[in-house]
Amino acid sequence: EVSDVSEVVEQVFDNFKMIHPDYVFILDNDVHRPVQAQIYRNHLEQILIILMDNAVKYSQKRKEVHMSYESDTRNLEVAVQDFGEGISQENRDRVFNRFYRVDKARSRTKGGNGLGLAIAKRLIEAYHGKITIESALGQGSVFRVSLPILSDEDAQILTDKKERVQAANDEIPGI
Ligand code: ATP
């Protein structure tokens with residue numbers, strides 16, 4: 001399925017704005033620009049919800065969250081930035097492990113069980129994408145998701161292939 005990424009980003013953005021009126025949400029793109037990527041809309045939505053949910057949960061003192069998306073011909077990048085607790089260098093890889101939580105005692109009061117980022121990472125990798133963290137303790141974090149975009153040429157190759165398979169099937173009697 002080909003999704004319009006800008007539409008999904010903007011929808012998640014609007015939902016968070018509504019659910020968390022005490023936070024300031026800023027979409028760093030000024031013009032709505034359609035960006036197509038080969039990903040299930042629900043999957044992209046789930047990835048963004050996990051990142052936005054964390055950005056809100058772990059930034060109680062400066063309640064500001066930014067989202068942005070950009071693309072070139074090969075890749076799409078969506079970023080979620082908060083100005084909260086941050087993640088130490090040693091924890092930056094671990095947070096993608098299942099059930100890993102940086103501050104077990106304190107985090108317990110915030111709910112969650114350390115699965116969100118593990119799920120997000122699996123989904124992203126299933127689409128041959130990448131997720132990275134830039135962070136400074138006490139200052140905040142940026143999570144960047146990059147996903148490959150199908151060029152028109154690649155999309156055409158896939159369509160041609162599908163049609164050839166279909167045609168071959170049509171020629172086989174009894175199917
Ligand atoms: P849930 O399963 O509900 O998502 P969770 O938030 O604990 O619970 P993850 O999303 O996998 O699980 O995050 C793992 C850990 O990484 C968190 O417990 C938290 O310590 C840390 N973390 C995640 N996002 C951020 C963030 N934006 N800022 C600071 N720490 C973060």
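The values are calculated or read from the model by the stated rules, or taken from the named source; none is laboratory data. These figures come from a predicted structure and were not determined experimentally. A quick note on method: Cβ atoms are made from the backbone with ideal geometry, for glycine too, and the neighbour counts reach across all protein chains shown. To get the accessible areas, we keep the full protein, side chains included, count just its heavy atoms, and leave off ligands, DNA and RNA. Shrake-Rupley method; radii C 1.70, N 1.55, O 1.52, S 1.80 Å.
For region 1-60, chymotrypsin sites (Phe, Trp or Tyr not before Pro) are listed when DSSP marks them as loop and at most 14 other Cβ atoms sit within 10 Å of their Cβ; the list is Tyr40.
For Lys121, the lysines whose Cα falls under 22 Å of its own Cα, not counting residues fewer than eight places away in the same chain, are Lys57, Lys104, Lys110, Lys130. Rolling a 1.4 Å probe over the protein heavy atoms gives region 59-140 an accessible area of 61 Å² per residue. Positive-end ranking of Ser6, Asn75, His43 along the dipole of region 1-83, with charges on Cβ about the Cα centre, is headed by His43.
Per the 1.4 Å probe, what fraction of the accessible area of the chain, in percent, lies on carbon and sulfur atoms? Of all accessible area on the chain, carbon and sulfur atoms account for 51 percent. Note on the chain: Cα-only Rg and Dmax are 19.1, 68 Å.
For region 1-101, the gyration tensor built on C-alpha atoms gives an oblate shape. Its axis ratio a/c (a ≥ b ≥ c) is at least 1.5, and a/b is not larger than b/c. Solvent-accessible area of Glu90, all protein chains in place: 120 Å² (probe radius 1.4 Å, heavy atoms, ligands and nucleic acids excluded). Just the Cα atoms of region 19-78, one point each, no solvent: what log10 I(q)/I(0) does Debye give at q = 0.24 Å⁻¹? Rounded to two decimals, the profile gives -1.13. A Förster radius of 35 Å, combined with the Cβ-Cβ distance separating Glu7 from Ala168, puts the computed FRET efficiency at roughly 0.50.
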